[in-house]
Amino acid sequence: PTPVATPTPVGAEILGLIWNDICEFTGGVANEPLVLGQGCIGDPNGVWGANGIRDAGEPPFVGVTFRLAAGACANPPYASASSNSAGWFGFVDVPPGTYCLIMDVFEPGNTSRLIPGGSTTHSMTAGKILIPFEVLPGDDQLDFAIGWEFQHLG
């Protein structure tokens, strides 16, 4: 029998990770002083939150839908992927070109997983994280990390 050649991928693998970025704190209610703990950042003006780094023990988000658009972020998406049990999502064999990775908080399924909260790693526009990027010839993998912190209660 003649061996069959394995096709060579023509594009890159786009991988991403989304996790629950946790800021452990105590106090901050009923005139108790706020004490920031593991995973927190803060400044003298009282602005504080999770640190945008995946620290030990921070769990993944499962089932969050991501979309991929060719060209500008305003273009309609042509592919989707959901985060798995480890928080990873991906798109395979993406050919060279410009793209936009989109995570819409208000997409059905994402709302129940992510609201209330916000990204600790990316800015948002109208409830969406929009990450423009380019796949160059010869690229084989691009990685994105997205931290998400639930809003503080209290």
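The values are calculated or read from the model by the stated rules, or taken from the named source; none is laboratory data. Quick caveat: nothing in here was measured; it's all calculated off a predicted structure. Note that each Cβ is placed from the backbone with ideal geometry, even for glycine, and that neighbours are counted across all protein chains shown. The accessibility values were calculated without ligands, DNA or RNA, using every heavy atom of the protein model including side chains. Shrake-Rupley method; radii C 1.70, N 1.55, O 1.52, S 1.80 Å.
A few points about this structure:
- Between the beta carbons of SER82 and GLU24, assuming R0 = 30 Å, the FRET efficiency works out to 0.60 to the nearest 0.05.
- Its convex hull of Cα atoms gives the stretch 69-154 a direction-averaged projected area, equal to a quarter of the hull surface, of 6.4 nm².
- Modelled spin-label separation between GLU134 and ASP93, with each label point placed 7 Å from Cα along the Cα-to-Cβ direction: 2.5 nm.
- Environment charge of MET103, counting only residues whose C-beta is closer than 12 Å and scoring Lys/Arg +1, Asp/Glu -1: +1
- Förster radius 41 Å - calculated FRET efficiency between VAL35 and ASN75, Cβ distance, rounded to 0.05: 0.35
- Amide H contacts for GLY117 (H built 1.01 Å from N in the peptide plane; partners 5 or more residues away or on another chain; cut-off under 5 Å): GLN151.
- Hz values of 3J(HN,Hα) by residue in the stretch 30-43 - Karplus curve (6.51, -1.76, 1.60), Gly and Pro given as x: 6, 6, 6, x, 7, 10, 7, x, 4, x, 9, 10, x, 9
- Take the Kirkwood radius over Cα pairs of the stretch 10-154, plug it into Stokes-Einstein at 20 °C and 1.002 mPa s, and you get 131 µm²/s for translational diffusion.
- Here the Karplus curve 6.51 cos²θ - 1.76 cosθ + 1.60, taken at θ = phi - 60°, turns the phi angles of the stretch 103-113 into couplings of 10, 9, 4, 8, 5, x, x, 6, 4, 5, 8 Hz, with x standing for Gly and Pro.
- Working from label points 7 Å from Cα in the Cα-to-Cβ sense, the THR125 to GLN151 distance is 2.3 nm.
- A DSSP coil position with no more than 16 other Cβ atoms inside 10 Å describes the following chymotrypsin sites (Phe, Trp or Tyr not before Pro) in the stretch 81-128: PHE106.
- A 1.4 Å probe run over the stretch 34-105, with the rest of the protein chains in place, finds 50 Å² accessible per residue.
- Solvent-accessible surface ranking, highest first, for ILE18, ILE115 at 1.4 angstrom: ILE115, ILE18
- Intensity falloff of the stretch 38-82 expressed as log10 I(q)/I(0), Debye formula with alpha-carbon point scatterers, at q = 0.15, 0.22 Å⁻¹: -0.68, -0.79
- MRE, 222 nm, helices only [DSSP H, n ≥ 4, -39500 (n - 2.57), over the chain, to nearest 500]: -500 deg cm²/dmol
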